[in-house]
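**Student:** Below: one structure in structure tokens.
The values are calculated or read from the model by the stated rules, or taken from the named source; none is laboratory data. Computed from a prediction, not measured in an experiment: that's the story for all the values here. Glycine gets a Cβ as well: all are built from the backbone with ideal geometry, and neighbour counts include every protein chain shown.
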Amino acid sequence: MRKTIWSATVALCSLFAVSCGSGSDNNSGSGSATTTTTGTDAGSSTGTTEATAGTNPKGVGPISEVKLNNPLDQKLAASGKSVYEVKCASCHKLSGEKLVGPGWKGVTTRRTPEWIMNFVMNTEEMLNKDAEAQKMLEVCMVRMPNQSLTETDARSVLEFMFSNDGKK
Ligand code: HEC
């Protein structure tokens with residue numbers, strides 16, 4: 001299921017590869033930006049853990065478990081929307097359409113909540129180590145700069161993503 005969605009996403013991404021690359025003057029390559037989380041040194045990993053580390057459905061980073069709200073916390077989703085508008089909308093649409101990065105429609109079904117939060121809070125390491133993140137990078141060719149969100153802000157954006165995907 002995930003594989004199928006991925007192939008579709010990749011195929012779709014390829015179609016927009018040109019538009020994807022066009023945002024590259026937008027901070028690309030600024031891998032040094034900020035790493036506030038985890039003590040793991042990105043460069044120090046040896047071959048031993050690679051096989052599993054790159055394919056963990058929860059990704060790599062500080063978040064090991066996310067408790068979901070059912071029903072959604074509408075206040076939290078609303079604050080996530082504000083974060084989105086200020087820090088994410090320049091690169092991400094809410095539809096499935098790619099801008100600089102992938103559109104967010106369906107992101108909560110193709111990723112685990114932990115993966116999403118780790119990607120947002122620990123972007124550099126995820127792009128260096130996580131297999132799914134690397135696949136996206138190959139297509140988009142722009143490294144998403146870490147937006148330095150607090151855990152609370154990252155959680156609110158996740159709530160907003162669920163809301164954008166139609167969850168109540
Ligand atoms: C400068 C452009 C840019 C900004 C700003 C940006 N992103 Fe991204 N984002 C990307 C790119 C490009 C990718 C694809 C991975 C890569 O190539 O680095 C991505 C991928 C993602 C993904 C994975 C999507 C998927 O389909 O799996 C998530 C989640 C995400 N970004 C969240 C955020 C959040 C949350 C913010 C705001 C706080 C944000 N991004 C701001 C460029 C950006």
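**Student:** Restricting attention to segment 139-157, which residues are near the ligand (Cβ under 8 Å from one of its atoms) and assigned to a helix (DSSP H, G or I)?
**Tutor:** Narrowing segment 139-157 to residues near the ligand (Cβ under 8 Å from one of its atoms): 139-145, 147, 149, 153-154, 157.
Residues satisfying the conditions are 139, 140, 153, 154, 157.
**Student:** Related question: What about residue 119, is it part of a helix (DSSP H, G or I), touching a residue at least 12 places away in the same chain (Cβ under 8 Å) and more than 8 Å from the ligand (Cβ to nearest atom)? Before the answer, list the steps.
**Tutor:** Working: part of a helix (DSSP H, G or I): yes; touching a residue at least 12 places away in the same chain (Cβ under 8 Å): yes; more than 8 Å from the ligand (Cβ to nearest atom): no.
Against the criterion (part of a helix (DSSP H, G or I), touching a residue at least 12 places away in the same chain (Cβ under 8 Å) and more than 8 Å from the ligand (Cβ to nearest atom)), residue 119 does not qualify.
**Student:** Next up: I'm trying to understand the selection: among the residues of segment 122-138, which are farther than 15 Å from residue 63 by Cβ and either outside any helix (DSSP H, G or I) or of a type in the set (S, T, N, Q) (or both)?
**Tutor:** Those that are farther than 15 Å from residue 63 by Cβ and either outside any helix (DSSP H, G or I) or of a type in the set (S, T, N, Q) (or both): 128, 134.
**Student:** Return the residues of segment 71-110 that are touching a helix residue (DSSP H, G or I) at 6+ places or on another chain (Cβ under 7 Å) and of a type in the set (Asp, Glu); say none if nothing qualifies.
**Tutor:** Matches in segment 71-110: 73 only.
**Student:** Mind checking which pairs have a first residue in segment 76-102 that is more than 16 Å from residue 146 (Cβ to Cβ) and a second that is assigned to a helix (DSSP H, G or I) and away from the ligand (no atom under 11 Å from the Cβ), Cβ under 6 Å, 6 or more apart or different chains?
**Tutor:** So the pair list comes out as 76/159; 77/159; 77/163; 80/159; 94/164.
**Student:** Would segment 86-107 turn up any residue that is in contact with a Cys (Cβ under 6 Å, 6 or more places away or on another chain), in a loop (DSSP other than H, G, I, E, B), among the small types (Gly, Ala, Ser) and at pLDDT 95 or above?
**Tutor:** yes
**Student:** Please count how many residues of segment 122-138 are surrounded by fewer than 22 Cβ atoms within 10 Å (Cβ to Cβ), polar (S, T, N, Q) and within 9 Å of the ligand (Cβ to nearest atom).
**Tutor:** Matching residues across segment 122-138 total 1.
**Student:** Out of 129, 87, 75, 98, report the one residue that is closer than 22 Å to residue 168 by Cβ and not acidic (Asp, Glu). Before you say what the answer is, go through the steps one by one.
**Tutor:** Details: 129 fails: closer than 22 Å to residue 168 by Cβ; 87 fails: closer than 22 Å to residue 168 by Cβ; 98 fails: closer than 22 Å to residue 168 by Cβ.
Only one candidate passes the filter, namely 75.
**Student:** Right, next: Would segment 66-84 turn up any residue that is surrounded by fewer than 12 Cβ atoms within 10 Å (Cβ to Cβ), touching a Lys or Arg at 6+ places or on another chain (Cβ under 8 Å) and at pLDDT 95 or above?
**Tutor:** Taking every residue of segment 66-84 in turn, at least one turns out to be surrounded by fewer than 12 Cβ atoms within 10 Å (Cβ to Cβ), touching a Lys or Arg at 6+ places or on another chain (Cβ under 8 Å) and at pLDDT 95 or above.
**Student:** Now for a separate question. Specify the residue that is surrounded by the most Cβ atoms within 10 Å (Cβ to Cβ); the eligible residues are those in segment 94-108 that are within 14 Å of residue 140 (Cα to Cα) and of a type in the set (A, V, I, L, M). Steps first, please.
**Tutor:** Pass one, segment 94-108, residues within 14 Å of residue 140 (Cα to Cα): 97-103.
Then drop every residue that is not of a type in the set (A, V, I, L, M), which leaves 99-100.
Working: 99: 19, 100: 21.
Only one residue tops the list, namely 100.
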